[in-house]
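Here, each number is a calculation from the coordinates, and none is a lab measurement. All values reported here derive from a predicted model rather than from experimental measurement. Counting neighbours? That spans all protein chains shown, and the Cβs are built from the backbone with ideal geometry, glycine included.
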Amino acid sequence: MNIFFPKEQDSETRFSLTGETAQKFLKKNINLSIQENINLQDALLEKLIEENSINIVSREEGLKSANIICNLNKLSFDDIAKINPDTLAISFLDPFNEKQLIEEFRKKSISSISMELIPRTTRAQKMDALSSQANLAGYSAVIIASNLLEKALPMMMTAAGTISPSKVFVVGVGVAGLQAIATAKRLGARVEAFDTRPVVEDQVKSLGARFIKIDLGETEETNQGYAKALTEEQIKKQQEGMKKVCANSDIVITTAQVFGRPAPKIITSEMVQAMQPGSVIVDMAVSSGGNVEGSQMGEIIDIKGVKIIGNSNLPGEVPTHSSQVYANNIYNLIDEFWDEETSSFKYDLNDEILANCLVTHRGNYINASVKERNE
Ligand code: NAD
């Protein structure tokens, strides 16, 4: 059994194997190979390579000889052309937007797992890469925003005067939002938050932040805990309710997402312009369309002194820890379905986790939503 870890795209700082997970794979007598010329920044991984416990190979060789290929970002069409049928490819796949790529996997009879589709169940928590990365993204959003803000976050009472705490407003309180609230609180900011799911109010309060109440009428969530899309009228009500809070905030962090759909546009340019010059907005939904009018992927836009950060790889700002937890997610997934007797990955299609995250297998679509959209 060979597992191959290819190089990520140049802008990616994370990697899907760590020294710690490599040792666990090696204990299972699995052969590991990593693509050549990667700046690994992991002493234990370097040591295992030096000892020849891990092979260094070209991308082509790795793709051709692997039984399992693990990475963060999706493979290219060129890569797929080199992979043998029945190989398993595991990564984030953006399966609802990458219809053609998924179709390519299916046509070539390559099995593919989308890390986005690991279900939100207790048993799957250890494999839940969306959560492991969103948590660190929430942390990084606050750190980046506070670096750009021309103010300190905590209150300071000094002989030279009292500095009042900066105000942080978090819109969308899922995994990333909760960590953003916790981080801003640790730094001493005064924090407010809003989410369309009223159930999060207690979680916000338990972190010492204030929940902003806006009456939107009925809002729904899926059985996985994801928010359902609002109507246009509800979005207008939300914008109206948030206008004043945004204008009074030094930092606004938006994390609002609706699973499988473009992110809702909730901060208008009018709301941006009502903020004080020097304020900072982090649009954490920028790669799925953005919550903020005017935000751009990979850019910091300045609108009349208000900076809008559109960093699409916030977990990549803390690559040691984001790689650590992603590599653990990958190891835990393979371990969960590892058949010791045959030394292979066991495709139990009746298993709830696999039935969800497996996108293609033996020429078929497996995940029900992908199947419905692609067939
Ligand atoms: P997400 O990234 O899909 O969305 C982020 C947040 O944006 C959500 O809280 C959502 O309600 C909110 N949102 C959507 N539209 C909005 C709008 N117009 N205005 C304001 N907020 C809006 O969410 P997520 O972080 O993936 O988490 C979704 C849920 O799943 C949460 O309840 C989380 O606690 C739960 N969860 C459960 C498990 C588990 O049980 N294993 C694991 C992870 C997450």
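Here are the numbers for the structure shown:
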quantity	calculated
Over the chain: helical MRE at 222 nm, DSSP H runs n ≥ 4 each giving -39500 (n - 2.57), nearest 500	-10000 deg cm²/dmol
Orientation-averaged projected area, Cα convex hull of the range 134-317 (nm²)	10.1 nm²
Antiparallel DSSP beta bridges within the range 165-256, as percent of all bridges there, nearest 5	10 percent
Linear extension gain, Asp335 paired with Gln23, 0.36 nm per residue minus alpha-carbon span	111.0 nm
Of all DSSP beta bridges in the range 134-317, antiparallel share, percent nearest 5	30 percent
Peptide ranges 368-374, 219-225 listed from the most packed, as the mean C-beta count within 10 angstrom indicates	368-374, 219-225
Crossing angle, helix 129-148 versus the chain [Cα axis fit, 0-90 degrees, rounded to tens]	40 degrees
In nm, spacing of pseudo-spin labels at Leu40 and Phe77 (7 Å Cα→C-beta vector)	3.4 nm
Within the chain, percent of DSSP bridges classed antiparallel, to nearest 5	30 percent
Trypsin sites (Lys or Arg not before Pro) restricted to DSSP loop in the range 171-214 with at most 16 other C-beta within 10 Å	Lys213
Residues Ser206 and Glu299, FRET efficiency given R0 of 45 Å [Cβ-Cβ distance, rounded to 0.05]	0.80
